[in-house]
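The values are calculated or read from the model by the stated rules, or taken from the named source; none is laboratory data. Predicted, not measured: the structure shown is a model, and the values here were computed from it. Cβ: placed from backbone, ideal geometry, glycine included. Neighbour counts: every protein chain shown.
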Amino acid sequence: MVSWVAMQEWLDHQQAQMADELQTLCDLNSGSDSVEGLKRTANWLEEYMRPVSDSCRRIVLPDYQKIDDQGTVLQYATGPALAWELGVPPTQAATRVLMTIHYDTVYGPENAFQRCIRFEQRRPDGSLDACMRGPGVIDAKGGIVILRWSLLAAKKFLDLSPFSVSVLLTPDEEIGSPSSSELWGRIAGGYHVAMLFEPAMADGALVSHRKGTGNFTVVVRGRSAHAGRNFHEGRNAVVHASKLAIALNELNGQRPNVTINIGRLRGGDAVNVVPDLAVLRINVRVNDREDQVWIVEQVQSVVQRFQVPDEGFEVVLDGGLGSPPKVLDEAMAHWMKVSESAAALVGQRLHWNGSGGASDGNKLAALGLSNVDTFGPEGGLLHSDQEWIRLSSLPKKAALTAAFLHSIDCREE
Ligand SMILES: [Zn+2]
């Protein structure tokens, strides 16, 4: 018999230590673009996870590409992915679980937001709630702390013998996991379920489904000319890209749950020169797979209409739906039920909500690996310099995570 009360008490006792560990981890900069910071953080994480397992494997990830505002394709390096294998070998395991979260943040080394600050919030009943503000406290370093302590609790209080658990920490989620995507593709088929440690919603809700999202870049090339001497020989790439932007914007409203955001348009330099280059960037959001197919076709066809080499314009489209929609299908409904019975074991009640934001859970779901992706902490204002965490959610979500591990049973399959 598992003593859930004893486990919960043990975890609650570790809250101060969890908070200290989180503070150290968040004070360590690991902005997605800082390879040095990512490597330093990876070293720290390897040590940090040692009580769970000393089998850390570093996976070198491929470089990723980005198109800059000059329309040039550039290569960028990222940090390593870190992997640990726990439990019995996968071939002998009745249940294979992937526990994963990213260790990069949106705050680079040049960002002013670098250090954690503790504060207290008054609850409606007048009592004080210990909180901490800091870069990555909920997105997603608090999730790493929860992941670690849930496994320590599982080792101490649970019998997970038919299990094989892979832990994977990745360095590039905040930029769309361009380097990890290939790795996901290779490993997703090997698991029954994945658990991700993204933050819960502001009200504590877990996420049942997520919109799909993707970025497109269009490089528009025209012909440059002197604005006075031979204006009419020029082909203005900024004007062409602006017309293209308006045409893409008109896709809004054609389907109820599809949005296209014209996010950025860069081009031109001196005002007396007809610009020969413009780079347009758009972000799209969709609810389901039909919308996904529709928007990709629409963007391609609109861009194709502006491909008019005879008139002196060339356009190149790059990008796509990097994070397909994560829908509430039958498999997801099953794992939501499992989560709810797990929560009941540790005296918690779950509620669910949809989210407009994507996570790596979208990518894994699209690869056929069902997942619950919000085992991370409670708090709010992520991606801002006000990002904060409710510290009591660290032991709370660690208990839920351990209970979920206990509640997974794939043996009949
Ligand atoms: Zn994020």
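Which residue pairs have Cβ atoms closer than 7 Å, lie 6 or more positions apart in sequence or on different chains, and pair a first residue in the range 26-47 that is under 15 Å from Pro135 (Cα atoms) with a second residue that is part of a strand (DSSP E or B)?
Close Cβ pairs (under 7 Å, with a partner that is part of a strand (DSSP E or B)) amount to Ser30/Thr105; Gly31/Thr105; Gly37/Gly31.
Looking at the range 370-407, which of its residues are in a loop (DSSP other than H, G, I, E, B), away from the ligand (no atom under 16 Å from the Cβ) and surrounded by fewer than 21 Cβ atoms within 10 Å (Cβ to Cβ)?
Listed by number, the residues that qualify are Ser370, Ser392.
If only one of Ser161, Ser181, Ser166 is away from the ligand (no atom under 16 Å from the Cβ) and out of contact with any Lys or Arg (no Cβ under 8 Å at 6 or more places or on another chain), which one is it?
Ser161
With the condition kept exactly as written, say whether any residue in the range 115-129 is in contact with a His (Cβ under 8 Å, 6 or more places away or on another chain), more than 16 Å from the ligand (Cβ to nearest atom), assigned to a loop (DSSP other than H, G, I, E, B) and over 20 Å from Leu369 (Cα atoms).
no
What pairs come out if I take residues in the range 224-250 that are more than 13 Å from Asn272 (Cβ to Cβ) and pair them with residues that are of a type in the set (Asp, Glu) whose C-beta lies under 6 Å away, six or more apart or interchain?
Correct list of pairs: Ala237/Asp276.
So which residues in the range 266-285 are hydrophobic (A, V, I, L, M, F, W, C) and buried (at least 19 other Cβ atoms within 10 Å of the Cβ), if there are any at all?
Listed by number, the residues that qualify are Val274, Leu277, Ala278, Val279, Leu280, Ile282, Val284.
I'm trying to understand the selection: among the residues of the range 153-208, which are more than 14 Å from the chain's Cα centre (by Cα) and on the phi > 0 side of the Ramachandran plot?
The answer is Gly204, and nothing else.
Under 7 Å between Cβ atoms, which residue pairs at least 6 apart in sequence (or on different chains) link something in the range 280-302 that is in contact (Cβ under 8 Å) with a residue 40 or more places away in the chain with a partner that is of a type in the set (D, E, K, R)?
Going by the 7 Å Cβ cut-off, the qualifying pairs are Arg281/Arg264; Arg285/Lys211; Val286/Lys211; Asn287/Lys211; Asp291/Arg255.
Could you run through the range 145-202 and say how many residues are in contact with a Gly (Cβ under 7 Å, 6 or more places away or on another chain) and either closer than 29 Å to Glu387 by Cα or β-branched (Val, Ile, Thr) (or both)?
10
Which ones in the range 152-182 are among the aliphatic types (A, V, I, L, M) and closer than 22 Å to Leu364 by Cα?
Listed by number, the residues that qualify are Val165, Val167, Leu168, Leu169, Ile175.
Determine, yes or no, whether Leu22 is surrounded by 20 or more Cβ atoms within 10 Å (Cβ to Cβ), in a loop (DSSP other than H, G, I, E, B) and either among the hydroxyl-bearing types (Ser, Thr, Tyr) or touching a strand residue (DSSP E or B) at 6+ places or on another chain (Cβ under 8 Å) (or both).
no
Filter the range 199-256 down to the residues that are part of a strand (DSSP E or B) and hydroxyl-bearing (Ser, Thr, Tyr), then identify the one that is surrounded by the fewest Cβ atoms within 10 Å (Cβ to Cβ).
The residue in question is Thr217.
Would you confirm, using the coordinates I've provided, whether Ala358 is touching a Lys or Arg at 6+ places or on another chain (Cβ under 6 Å) and at pLDDT below 95?
Considered against the rule, which asks whether it is touching a Lys or Arg at 6+ places or on another chain (Cβ under 6 Å) and at pLDDT below 95, Ala358 comes out as yes.
If the requirement is being touching a Phe, Trp or Tyr at 6+ places or on another chain (Cβ under 8 Å), under 22 Å from Ala331 (Cβ atoms) and in contact (Cβ under 8 Å) with a residue 24 or more places away in the chain, which of these qualifies: Ser164, Ser177?
Ser177
Give me a count of the residues in the range 85-104 that are out of contact with any His (no Cβ under 6 Å at 6 or more places or on another chain) and over 30 Å from Gln23 (Cβ atoms).
8
Can you find, within the range 335-351, the residue that is surrounded by the fewest Cβ atoms within 10 Å (Cβ to Cβ) among those that are polar (S, T, N, Q) and within 21 Å of Leu98 (Cβ to Cβ)?
Checked the range 335-351; the qualifying residue surrounded by the fewest Cβ atoms within 10 Å (Cβ to Cβ) is Ser341.
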